[in-house]
Amino acid sequence: MTWIGVLIALAGALGYALGAALQQYEAVAEGASLRLMRRPRWWIGGVIGFTGACLHAVALSFAPLVAVQPISVATLVFAVPLAAFMYGRKPYKAEIFGSIAVAVGLLWLMMLVPHQDVTPRLSDGAALGFIGVITLIALATQVAAARVRGPVRAMLLAIGAGAVTASVSTFVRVVGGGLEGDLGRLVHWFTLAIPVLLIFAVVLLQRSYAVGYFGIAYAGVQVVDPITSVMAGALLLGESLPTSPSTAIPAVCAAALTIAGTITLGRLAPDHSRPAPVAATAEPRPFAAASDLA
């Protein structure tokens with residue numbers, strides 16, 4: 001049964017990555033605006049991505065989290081080459097190495113977090129406070145992003161999107177984990193908060209995609225989402241964080257690997273709205289010039 005779960009998770013990871021690549025291509029072409037609603041490919045990307053997320057949830061019913069989570073983190077390794085294909089080019093070596101570094105570093109960090117079967121409980125006051133903090137983070141990143149350009153702008157917008165996405169995961173965890181067979185517990189404002197927060201997360205994510213730096217935008221969300229979720233679980237839901245001194249050095253190494261991969265992705269030149277013809281003898285330039293980052 002575990003292998004069935006792993007195969008389903010792999011299909012889900014590929015779907016989520018393809019959906020993100022399709023939506024980013026359209027977001028660059030049209031900008032993060034309502035015009036995206038008229039783009040069939042953007043909707044197709046959304047449906048494929050949502051299907052991938054659903055397959056991830058199904059996989060967890062067949063296989064343990066420790067088997068499914070590594071495949072989920074690996075979506076970055078799939079997404080970056082797919083995005084390059086959308087622009088009619090091969091992925092740069094820096095994209096491949098950066099994506100692998102972020103995925104391995106993030107997975108390493110997640111493996112250091114102890115996994116306990118704790119029934120999540122969240123009071124109304126704590127939930128409102130949590131939403132307030134997430135709102136402040138999203139607003140701060142939006143204001144800061146308005147003052148910069150290039151990969152820094154994409155990263156700031158991705159941080160906001162990742163934080164809001166983490167709030168969705170947290171409320172899903174509270175609602176789903178707190179049911180305990182009683183569907184009547186779904187009648188709560190926590191359940192209504194999930195789709196509202198999800199809409200905001202999608203909007204912020206499209207704004208990050210529209211900058212053109214898919215690698216850094218996607219990596220930013222992939223890093224901020226689980227880290228914020230883990231912190232929320234520890235501070236609000238009573239879940240555990242690693243406390244053993246033996247985990248300190250591995251955690252520092254994993255964080256360094258994740259940061260190095262993120263910096264590598266941030267140095268890449270942005271993709272444009274349509275594929276540009278490349279001479280057969282010319283090698284694409286993976287790093288951005290100063291004018292590209294202005």
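Mind listing whichever residues of the range 1-47 are buried (at least 20 other Cβ atoms within 10 Å of the Cβ), under 16 Å from Thr75 (Cβ atoms) and among the hydrophobic types (A, V, I, L, M, F, W, C)?
Those that are buried (at least 20 other Cβ atoms within 10 Å of the Cβ), under 16 Å from Thr75 (Cβ atoms) and among the hydrophobic types (A, V, I, L, M, F, W, C): Ile8, Ala9, Ala13, Ala17, Leu18, Ala20, Ala21, Leu22.
Restricting attention to the range 275-284, does a residue exist that is among the aliphatic types (A, V, I, L, M) and either modelled with pLDDT of 70 or more or surrounded by 15 or more Cβ atoms within 10 Å (Cβ to Cβ) (or both)?
Within the range 275-284, not a single residue is among the aliphatic types (A, V, I, L, M) and either modelled with pLDDT of 70 or more or surrounded by 15 or more Cβ atoms within 10 Å (Cβ to Cβ) (or both).
When the range 70-99 is examined, which residues are found to be among the hydrophobic types (A, V, I, L, M, F, W, C) and more than 19 Å from Glu26 (Cα to Cα)?
The answer is Ile71, Val73, Ala74, Val77, Ala94, Ile96, Phe97.
Each row is one residue, and each column tells you yes or no for (1) outside any helix (DSSP H, G or I); (2) touching a Lys or Arg at 6+ places or on another chain (Cβ under 6 Å); (3) at pLDDT 85 or above; (4) under 16 Å from Gly19 (Cβ atoms).
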{"position": "Gly184", "(1), (2), (3), (4)": "no, no, no, no"}
{"position": "Thr191", "(1), (2), (3), (4)": "no, no, yes, no"}
{"position": "Ile194", "(1), (2), (3), (4)": "no, no, yes, no"}
{"position": "Leu204", "(1), (2), (3), (4)": "no, no, yes, no"}
{"position": "Arg207", "(1), (2), (3), (4)": "no, no, yes, no"}
{"position": "Tyr218", "(1), (2), (3), (4)": "no, no, yes, yes"}
{"position": "Gln222", "(1), (2), (3), (4)": "no, no, no, yes"}
{"position": "Pro226", "(1), (2), (3), (4)": "no, no, no, no"}
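Sort through Ala83, Ala101, Ala79, Ala94 and tell me the only one that's of a type in the set (A, V, I, L, M, F, W, C), over 13 Å from the mean Cα position of the chain (by Cα) and crowded, with 23+ Cβ neighbours inside 10 Å.
Ala83
Can you find a residue in the range 164-181 that is surrounded by fewer than 19 Cβ atoms within 10 Å (Cβ to Cβ), over 21 Å from Ala32 (Cα atoms) and modelled with pLDDT of 85 or more?
no
Please find, within the range 47-70, the residue that is modelled with the lowest pLDDT out of those that are assigned to a helix (DSSP H, G or I) and of a type in the set (Gly, Ala, Ser).
By that ranking, first place goes to Ala67.
With Val152, Val223 as the choices, which residue is β-branched (Val, Ile, Thr) and buried (at least 24 other Cβ atoms within 10 Å of the Cβ)?
On inspection, the qualifying residue turns out to be Val223.
The values are calculated or read from the model by the stated rules, or taken from the named source; none is laboratory data. All figures in this text were calculated on a predicted structure; none of them were measured in a lab. Every residue, glycine as well, gets a Cβ built from its backbone with ideal geometry; the counts of neighbours run over all protein chains shown.
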